[in-house]
Each structure stands twice: as C-alpha cells, then as structure tokens.
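Scroll down for the structure; my scribbles are underneath it.
The values are calculated or read from the model by the stated rules, or taken from the named source; none is laboratory data. None of these values were measured; they are calculated from a predicted model. Ideal geometry is used to build each Cβ from the backbone, glycine not excepted, and the neighbour counts take in all protein chains shown. For accessibility, only protein heavy atoms count, side chains too; no ligands or nucleic acids. Shrake-Rupley method; radii C 1.70, N 1.55, O 1.52, S 1.80 Å.
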Number of protein chains: 2
Amino acid sequence: MPRYRFTVEYDGAPYSGWQRQKSGVPSVQQALETALLACSQEEVTVHASGRTDAGVHARGQVVHVTMSKAWNPYRLMQAVNFHLKPQPVAVLDAVPVADDWHARFSCIGRWYLYRILCRTAPPALERGRVWSVAYALDADAMQLGANRLLGTQDFTSFRASLCQADSPVRTLDRLEVARVGDEIHITAAARSFLHHQVRNMVGTLALVGQKKWTADDVTAALEAKDRSAAGPTAPAEGLYFMGAVYPEE
Amino acid sequence: MPRYRFTVEYDGAPYSGWQRQKSGVPSVQQALETALLACSQEEVTVHASGRTDAGVHARGQVVHVTMSKAWNPYRLMQAVNFHLKPQPVAVLDAVPVADDWHARFSCIGRWYLYRILCRTAPPALERGRVWSVAYALDADAMQLGANRLLGTQDFTSFRASLCQADSPVRTLDRLEVARVGDEIHITAAARSFLHHQVRNMVGTLALVGQKKWTADDVTAALEAKDRSAAGPTAPAEGLYFMGAVYPEE
C-alpha cells in the first residue's frame, strides 16, 4: 500500500508529547492521525522517527503513514495541513517511500537543538521556546565538558529512570556548544538517544557553564553510571527535534 | 527628578499597539505603566522612541520614565519585570539618563526587521512571528527594488492615509533584503519613518519578489506620490522594532 514520509514541525507546548495517549490528552500523533482521518476517511497510524516528550518542539520530525490509496504527495500535505488548523503542527513536505521504509526503524541518525537564553529579563518573544536562565554561561567551558561525552559510552548517568532501552550504551557523534547573541545553542547528534539524554546532558553542561563543575566532573559523572551523579534535567521547552537521517541520503 | 531609560522586548500579538488607549484595551504602554505603579506607587508616563501598531513586536524598543525617587536601575528593572508577569513584555536593561534625555525627541535613528516565511506549510513554531506566504520570493530582485527607495525621498506612496507627520519626506538609510533559510529578512533603518512605511515598503517589495513588479515599477510607485500606486500593507505580525539610536552612542 502507498506509504508517505512527512517532515513535521510542531510547537510542543500544548501536547503531552509525540505519542498518542489512552487517556485522550492531546498528542502530536493524535493531531496528525485526526487530520489524516478527516481528509481520507481512513484510520491510520502515524509512525515517528523519534518520540518527543511533553513540551518538546520539532522543526524536522520525520514520520510515515500508509494509506489505502495513492495520493499526490503535495495534495496530501495540503489536505493534512488544512485539517490540522488551528493546531501548531504543520507538514513541511511529503514524499512517497518504499513499502518497507520505516520512519523509526530505517532511521540511522537523529539530531537535536537545545536553546538556553541567558539574561536577567524573562523571555517575552521566546517564551516557551527556550530555557531561560538568569546567569551567564561560559560556552567554551561547556564545550570542554561536552567533549567528554563524545563517542561510544555507557550513558546510565544521563538516562531517565523510566528509560526502556535495552542498553545504556550510545554513540554520541556531535555535542556542540555555541553562543548566539544572548543564547547558548547546544547541538546533539547520534544514531539514537536514551530517554531524557539530551536534556540531562544539557542540565549537566549548564553546571559547567556556571563554573560549578569542571570537565573532569563531567567525566566523573559519566563514569559513575548513576543518574544521581549527573546534573538536573533541563526543561522540555528549550529542546527541538531538528532532523532524522536515513541511509538513502 | 531621576530619569531611566529601558530597553524593552514585547510580543505585539495581545496588544492594540504601543500607545495607551482611552478605551482601556491592552497596550504595551499601559502594561509598563501599570507595572511601574505596582512597584513604586507612582502614576508615571512611559515615553517610547517610536509607537508601534497593533500586533507589531519589539526586540529593542527604547523608552524612558521619570520617577520621584532614585532607584538602583537593576532593581527597578527586576521590580518592573516581576510586576509585568505574565504579560509578554520584558525590560532588558535599565540605565539612568539625564533630565533632558527623551526616548523620542533625543532619538536620531530607528531600525526595524521584517520577517517573511516562504513555504507552502503554515508556520507552527513561528506563528504570529512572521508573514507567512505560500510562494517563493526572489531576494536579489527584492534588493534591486529596495535600492530604489534609499535616500531622501517623498514617501507619500508608502504612507498610511492616517499618518499625522507634517512632511512625507524621509531619509531611508538602509533597506536590506536577505534570505535566511526559508525566510526573507528585510532590515530598514532611518532617522524616522512614516506611519506604515516599513509595512508598505515590504508589501511592495513582495510584488517584486514574486516577479509581478520590476525595480522600475518601484520607482514609478515612489514618483506617483499616491498611496494607491504602491503595493499592499504587509501584516503587522512580521514586523519587529529592533532598536533606536541616540547621539551619545
């Protein structure tokens, strides 16, 4: 049956996360499935490259859906966007993919952006879009700390207690810290991440940026293999799922 | 009496504009004056470098206020921000200024940013922050059109019918068009602008970007000295007051 891949942008604020919940609380998956039902009269399941938590945004979530009939991809995108209104979810593009292409299982890389706004004043324009901290952060020190987390490691210390992954070992390909005006941007890329891994790494690097921790403390936290040894979980509102990578690209 | 200069950021969406209205509809000026009353028990008037229309945002509005007693500027900023909550208005900095310093009358330059999002899908994360158009725009063609508006000109064709300025002549110092991802950013700088001037210039340049107009058409519209000869007024939600310039800087 015809299968389509969508790139999806959303504001995570009104949603309990990507995944449809039994309780019927709003989720991004439900918003998309409801819009697809409205335009096709089909009850379909939308599969995502990665589930995002409550409040986490996406600029490049990748999903797929299997339809019973073939659609012009552009018209399908337009129809879904029409029925998504007024929700803050938008399909940015739609392309046909092979029957065995899977947004989650075919995915070989994911990347995230985390935004921290460092200033005394609260955000007015970026409210809900950044983690707002009233203190300065040293981006160079944070980068030195970030470097300690690169490569193939046991990320037990940076994994949510509820994480369901079989193994705590992941390979972190990129963890880059940049100053952009009065914001710190942290970019993280890996084949896959553990639950809360990015937010736990960011919460830890924020300690380094404040000079409360050194890069050696980051290494010690990693080696402890104990969640309580690392820093706090940074808030969801600063996190953006930016993109997913597939072998054909 | 002690006078303070604030830099102010706001989301224009919930406001009828900068200026306090007799009818009591929400305005940014009223929000600031109410917060200042709450922290000082003083009824003060806040003066802005430039009034913004309903829905127009600011990243760098400059205002001043005269208080009856001296404040530590940092504590005044903190107090105002506390009382502004939960409104999307924030004071970014506060500095003492001379008794005769005036946010509006001392100002010798203002600059604005206008953001146009060019893509089929509606904005999810940037909703209310950009003018969303479903067509492509040619930034290079727009820049050629923009160049025709530079310098000292009679901007009657780009002036709102309700504009109260004595003269339609203004000197446009910068009008720069840049592509930033899937957005077009237009930066405009002048000593001062006529009412709706930036939005009317943007609406006209969008015609050039779509190849409906040429740069010569922009010159013809300018020379017509007739509002109906230029393009439509671009929506308020894409416009940001970015900053004001003063002689001491």
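Using alpha-carbon positions, what is the distance between the centroids of segment A:204-249 and segment B:173-248, in Å?
Centre-to-centre distance over Cα atoms comes out at 43 Å.
What residues qualify as long-range amide H neighbours of B:G109, i.e. H under 5 Å apart, gap of 5 or more or another chain, H built at 1.01 Å from N?
B:V245
Please check which bits of segment A:95-132 a label hung off A:R191 would reach, taking the label as a point 7 Å along Cα-to-C-beta and the cut-off as backbone N under 20 Å.
Once the point is set 7 Å along Cα→Cβ of A:R191, A:101-112 turn out to lie under 20 Å by backbone N, inside segment A:95-132.
Sorting A:V44, B:V25 by accessible area (1.4 Å probe), largest first, what list results?
Numbers: A:V44 20, B:V25 60 Å².
Order by accessible area, largest first: B:V25, A:V44.
Please turn the phi angles of segment B:5-15 into ³J(HN,Hα) values with the Karplus equation 6.51 cos²θ - 1.76 cosθ + 1.60 (θ = phi - 60°), one per residue in order, whole Hz, x for glycine and proline.
After applying 6.51 cos²θ - 1.76 cosθ + 1.60, I find 9, 10, 9, 10, 10, 8, 8, x, 3, x, 10 Hz.
Relative to the first principal axis of the alpha-carbon coordinates of chain A, what is the inclination of helix A:215-224, with its axis defined by its Cα atoms, in degrees from 0 to 90 and to the nearest 10?
Its long axis makes an angle of about 70 degrees.
From the residues A:F241, A:V133, A:S157, which one has its Cα farthest along the dipole of chain A in the positive direction, the dipole being from +1 and -1 charges on Cβ of Lys/Arg and Asp/Glu about the Cα centre?
A:V133
What residues does segment B:89-109 have that are buried by at least 10 Å² of accessible area in the full protein assembly compared to the chain on its own, 1.4 angstrom probe?
Those residues are B:A90, B:L92.
If we hang a label 7 Å off Cα along the beta carbon direction at A:Y246, how far is it from the matching labels on the other copies, in nm, shortest first?
5.6
Estimate the FRET efficiency between A:I108 and A:M1 by the formula 1/(1 + (r/R0)^6), using the beta-carbon distance for r and 30 Å for R0, to the nearest 0.05.
My answer for the efficiency is 0.75.
What residue among B:L37, B:A58, B:N81 has its Cα farthest toward the positive end of the dipole of segment B:3-97, where the charges are +1 on Lys, Arg and -1 on Asp, Glu, each on the Cβ?
Of B:L37, B:A58, B:N81, it is B:L37.
Measuring with a 1.4 Å probe in the full set of protein chains, what accessible area per residue, in whole Å², belongs to chain B?
Solvent-accessible surface per residue comes out at 43 Å².
Where the only charges are on Cβ atoms (+1 Lys, Arg; -1 Asp, Glu), what is the dipole of segment B:3-97 about its Cα centre, to the nearest 20 debye? If you can, show how the numbers build up before the last one.
On the way: 9 positive and 7 negative charges, 31 e Å.
Computed about the Cα centre, the dipole is about 140 debye.
Identify the trypsin sites (Lys or Arg not before Pro) of segment B:1-86 meeting these criteria: DSSP loop state and at most 13 other C-beta atoms within 10 Å of the C-beta. If you can, show how the numbers build up before the last one.
On the way: sites: B:R3, B:R5, B:R20, B:K22, B:R51, B:R59, B:K69, B:R75; in loops: B:R20, B:K22, B:R51, B:K69.
Those satisfying the criteria are B:K22, B:K69.
With a cut-off of 8 Å between alpha carbons and a minimum separation of six or more residues, what is the relative contact order of segment A:3-97 in percent?
Numbers: 189 pairs, mean separation 41.2, N = 95.
Rounded, it is 43 percent for segment A:3-97.
Give the A-B buried accessible area in Å², both sides summed, 1.4 Å probe, nearest 100. Don't skip to the end; give the middle numbers.
Working: alone 11790 and 11780 Å², together 21590 Å².
Looking at A and B, the buried total is near 2000 Å².
Label-to-label distances across copies for A:L37, with labels 7 Å out along Cα→Cβ, in nm, shortest first?
So the label point of A:L37 gives 4.9 nm to the other copies.
Compute the separation of the alpha-carbon centres of segment B:1-76 and segment A:53-123 and state it in Å as a whole number.
When both Cα centres are located, 39 Å separates them.
Across 10 Å bins from the origin, how do the percents of Cα pairs in chain A run, short distances first?
Using 10 Å bins, I get a P(r) of 7, 30, 32, 20, 9, 1 for chain A.
Quick one: with all protein chains in place, what share of the accessible area of the protein assembly as shown is carbon or sulfur, to the nearest percent (1.4 Å probe)? Show your work: numbers first, answer last.
Working: 11240 of 21590 Å².
The C+S portion of the solvent-accessible surface of the protein assembly as shown is 52 percent.
Can you compute the label reach from B:K211? Point 7 Å from Cα along the Cβ direction, backbone N cut-off under 16 Å, restricted to segment B:105-139.
B:135-139
List the chymotrypsin sites (Phe, Trp or Tyr not before Pro) in segment B:76-111 that DSSP assigns to loop (not H, G, I, E or B) and whose Cβ has at most 13 other Cβ atoms within 10 Å. Which are they?
Hits after loop and neighbour filter: B:F105.
Given a 1.4 Å probe, show me the residues in segment B:7-23 buried by at least 30 Å² of accessible surface when comparing the whole protein assembly to the chain alone.
B:E9
Which one of A:A230, B:P168, B:P26 has its Cα pushed farthest toward the positive end of the charge dipole of the protein assembly as shown, where Lys and Arg give +1 and Asp and Glu give -1 at the Cβ?
B:P26
Could you give each residue of segment B:17-28 its phi-based ³J(HN,Hα) in whole Hz, using Karplus coefficients 6.51, -1.76, 1.60 with θ = phi - 60°, and x for Gly or Pro?
x, 4, 6, 4, 10, 4, 6, x, 5, x, 9, 5
Anyone know which of B:L117, B:L194, B:L125 comes out most mobile in the 10 Å Cα GNM of chain B?
Answer for the Gaussian network model of chain B: B:L125.
Using heavy-atom solvent-accessible surface (probe 1.4 Å) with all chains present, what is the largest-first order of B:S68, B:S161?
Descending order: B:S161, B:S68.
Buried by at least 30 Å² relative to the chain on its own: which residues of segment B:117-149 qualify, computing accessible area with a 1.4 Å probe on protein heavy atoms?
When all protein chains are present, B:R119, B:T120, B:A121, B:P122, B:A124, B:L125, B:E126, B:R127, B:R129 each give up 30 Å² or more of accessible surface.
How large is the dipole of segment A:109-245 about the Cα centre if only Lys and Arg carry +1 and Asp and Glu carry -1, each at its Cβ, rounded to the nearest 20 debye?
On the way: 16 positive and 14 negative charges, 56 e Å.
Dipole of segment A:109-245, to the nearest 20 debye: 260 debye.
How much length is gained if the chain between A:Q164 and A:V245 is pulled fully straight, taking 0.36 nm per residue apart and subtracting their Cα-Cα distance, in nm to one decimal? Mind dumping the intermediate values first?
On the way: separation 81, 0.36 × 81 = 29.16 nm, distance 2.25 nm.
Taking A:Q164 through A:V245 to full extension adds about 26.9 nm, to one decimal.
If you draw the axis that swings chain A onto chain B, which residue of A has its Cβ closest to it, and how far is that in whole Å?
Here the value is A:R129, 5.
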